[in-house]
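This report refers to the structure that appears directly beneath it.
The values are calculated or read from the model by the stated rules, or taken from the named source; none is laboratory data. None of the values given here were measured: they were computed from a predicted structure. Cβ coordinates were reconstructed from backbone atoms using ideal geometry, including for glycine residues, and neighbour counts include every protein chain displayed. Surface accessibility is based on the protein's heavy atoms, side chains included, excluding ligands, DNA and RNA. Shrake-Rupley method; radii C 1.70, N 1.55, O 1.52, S 1.80 Å.
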Amino acid sequence: MTETIKSDPATTSNTSVFEPKIVAFVCKWCTYAGADLAGTSRQVYPSNVRALMLPCTGRIDVTFVLRAFLQGADGVIVSGCHPGDCHYTAGNFRARRRWILFRDLLDTLGVDLRRVEMAWISAAEGTKWVKTITTFTDQIRELGPYEPMHKVAEDRSPDTILPVDLALSYYSGGENPISAVDPKLQEAVGEAMAAGKVKVVVGWVRNTTLSRPRPVWVASAEAAKFLTQPGDSGNLARMIKNPQLRPVGPIGIVARTTEMMALNVLIQEAQLDPANVVIFAVMPDGKFLGTMDMAQVAALIGEQVKNVPADQPAGFSPETHKLLDELMAKTPAERWQFWAEQSAKCIRCYACRGSCPMCNCEQCFAEKNQPQWFPTAADGPGNFAWQAFRAFHLAGRCVGCGACQDACPAGIPLNVLGAAMARSSLKHFGHRAGVDPKAVPLQSDFRPDDKESFIL
Ligand code: FES
């Protein structure tokens, strides 16, 4: 799709009747052939639908759906082969899992879920295609044009001036507490280095110019006095990706719980060799627990998770959970309004991405321009697509450290979106990010009995 969807003159001759624009992403093996069958059988269905062929529903990406909406669609439907019939064995199972998470993300953002549908329609089901499209078109016609989304799409010159109070609190470092240096930690780092267990150690130190702690890595235990409680500062697991640091290993990390969880996710995703890391574990109260390998870390996290309520993901702060609860108690329209205001503040500095230990692609989708997957400017459509896309990519991976939110100069509560996706992962798949380093990454996996009650 490279152009804004134009009205079809054939369907808009009577200007008093709203004719919705509907985009259908269909698998070429089943639904596309089913739609073709309907046509060759001379069956009649609304001409509102623009069908775009995919090789398989496994190819569907949330960016396609967001882009369709931002280019004027009033409703989007994805359809492919029935479970068990996918020509690539499991593409539709993977699509179904993504769709479950995506629906929850859209709900958190306040998108009207009646405007997105998924269906299983085979090559022999021309009649089902006709019925599905007719019903969906009637439903969207009833709902009317998707004005809130169109408004975002048209908002090409928003007021993106950084709120001064938030900007100042960022640069002055807020009120992050800085604990005293623990001599036991310093001793453990020295011992590990002397024994050759680690070549470099990463941790937080006091910052003499700003009141925020800063991350450093050192090759000598005397070179830094590591802090055990650097407040809300970012996630040191991010440092593992540093191309200068990576070849040096083994690496020691002065790690808090969410940093250990983030390392577990990186191990799950084959981004980190657990044999190459030594942990100097620090508890939430700032107490240094000891030197550990990643197997001991997994056992420690497993124990800590036992204290987390069964319906809550691990890692997120009580404030984040409270904010999410308050948000989900509002109406979808109020949620939409909330995120529209938050998203308008984004200046696309990508500090959220830069601070996130899970954002580890060599080149981010957001900066690709051949093809350009979604608008890149810091405006209505660009910001909406970026925030939604980023939150979705963290589904099943975000450990709730809040590094993104802490780094955001505009004060956008990004961790709330992370928490929404973490709740969805737990609710539908029993998956808690960063707990089991041996678990299959959530979005790379599927179960034949994943929920599909919402699929037509
Ligand atoms: Fe049709 Fe995979 S080939 S959904």
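The H on the amide N of Ala51, modeled in the peptide plane, is under 5 Å from the matching H of Ala24, each at least 5 residues off or on a different chain.
For the chain, the longest principal axis of the Cα atoms and the long axis of helix 91-109 meet at an angle of about 80 degrees.
Label sites at Asp107 and Thr208, each approximated as a point 7 angstrom past Cα along Cα to Cβ, lie 5.4 nm apart.
How large a share of the accessible area of the chain, in percent, is made up of carbon and sulfur atoms when the probe is 1.4 Å and the other protein chains stay in place?
For the chain, the apolar C and S fraction of the accessible surface comes to 54 percent.
In this structure, the amide hydrogen of Val205, modeled 1.01 Å from its nitrogen in the peptide plane, lies closer than 5 angstrom to those of Arg214, Val216, Leu227, counting only residues at least 5 positions away or on a different chain. For segment 113-119, backbone phi angles converted through the Karplus equation (6.51, -1.76, 1.60; θ = phi - 60°) give residue-by-residue couplings of 5, 5, 8, 10, 9, 10, 9 Hz, Gly and Pro being listed as x.
With the contact rule set at Cα under 8 Å and sequence spacing of 6 or more, what percent relative contact order holds for the chain? Please list the in-between numbers first.
Values: 810 pairs, mean separation 84.8, N = 456.
Relative contact order for the chain comes out at 19 percent.
Of the chymotrypsin sites (Phe, Trp or Tyr not before Pro) in segment 347-456, which ones lie in a loop per DSSP and count no more than 16 other C-beta atoms within 10 Å? If you can, show how the numbers build up before the last one.
Working: sites: Tyr350, Phe365, Trp373, Phe384, Trp386, Phe389, Phe392, Phe429, Phe446, Phe454; in loops: Tyr350, Trp373, Phe446, Phe454.
When the chymotrypsin sites (Phe, Trp or Tyr not before Pro) of segment 347-456 are filtered for loop state and at most 16 Cβ neighbours within 10 Å, Phe454 remain.
Taking the longest Cα principal axis of the chain as reference, the axis of helix 183-194 is set at about 90 degrees.
Per q in 0.06, 0.10 1/Å, what log10 I(q)/I(0) does a Debye calculation on the alpha-carbon atoms of the chain return? Calculated log10 I(q)/I(0) at the listed q: -0.30, -0.78. Ignoring GluC sites (Glu not before Pro) that are buried or in helix or strand per DSSP, and keeping those with at most 10 other beta carbon atoms within 10 Å, what is the longest stretch of the chain between them? Result for the longest clean stretch: 176-361. Within segment 247-370, the proportion of C-alpha pairs whose separation exceeds 21 Å stands at 57%.
Each part reduced to its alpha carbon centroid, segment 249-326 and segment 52-81 end up 36 Å apart.
Available extension along the chain between Phe454 and Gln370 is 26.8 nm, counting 0.36 nm per residue and deducting the alpha carbon span. Applying both filters, DSSP loop and at most 16 other Cβ atoms within 10 Å, to the trypsin sites (Lys or Arg not before Pro) of segment 68-156 gives Arg156. Applying the criteria of a DSSP loop state and at most 10 other Cβ atoms within 10 Å to the trypsin sites (Lys or Arg not before Pro) of segment 177-286 yields no site. In the context of the full set of protein chains, the chain has a per residue accessible area of 45 Å² (1.4 Å probe). Principal-axis analysis of the Cα atoms of the chain puts helix 126-143 at an angle of about 80° to the longest axis. Taking the DSSP bridge list for the chain and keeping only pairs wholly inside it, about 30 percent are antiparallel. Near Gly252, the amide H atoms lying under 5 Å from its own belong to Lys199, Val200, Val201, Val202, Val278; only residues 5 or more places off or on other chains count, and H is placed 1.01 Å from N. A simple rule links phi to the HN-Hα coupling: the Karplus curve 6.51 cos²θ - 1.76 cosθ + 1.60 with θ = phi - 60°, which for segment 242-259 gives 4, x, 7, 7, 4, x, 6, x, x, 10, x, 10, 7, 10, 8, 4, 5, 6 Hz, with x for Gly and Pro. Per-residue ellipticity at 222 nm computed for the chain from its helices equals -11500 deg cm²/dmol, with DSSP H segments shorter than 4 residues left out and the rest contributing -39,500 (n - 2.57).
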